[in-house]
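Asker: Let me begin by handing over the structure; questions about it come next.
All of the numbers you see were taken from the coordinates with simple rules; none came from a lab. Treat the numbers as computed from the prediction; the structure is a model and nothing was measured. Heads up, the Cβs are rebuilt from the backbone with ideal geometry, glycines too, and the neighbour counts pull from every protein chain shown.
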Amino acid sequence: MKNTLTDLNNALFESIERIQQDNLTDEELAREIKRAEAVSDVAEIIVRNGELALKTMMHLNEYGYGAAKAAKLDAQLAPVPAMLEAKQ
């Protein structure tokens, strides 16, 4: 995993694909479900962290920050957090 939201999305879909396999025994299915629940729990925390980073960036952009605000110049826009960048 490369630690991007795209990678997280892929991991979630891979979990779904593993659960949907028809050839799983009951024991294997139970193990995959438990694994998928763990991935989902971690994914939820990662998404909440991304939401916080985005809200912080938006707040900084709305109210300004750093020297630009102190000097009453046009506030520099906060950079998009790396975890939220869309890369191809």
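Asker: Provide the gained length on full extension for the span ALA53 to ARG35, in nm with one decimal, where the gain is 0.36 nm per separating residue minus the Cα-Cα distance.
Answerer: Extending this stretch completely gives an extra 3.8 nm.
Asker: Using a cut-off of 13 Å between beta-carbons, work out the net charge of the residues near ALA43 (Lys and Arg +1, Asp and Glu -1, ALA43 not included).
Answerer: -4
Asker: For ASP26 and ASN61 in one chain, what is 0.36 nm times their gap in residues minus the Cα-Cα distance, to one decimal in nm?
Answerer: Full extension of this stretch gives 7.4 nm more.
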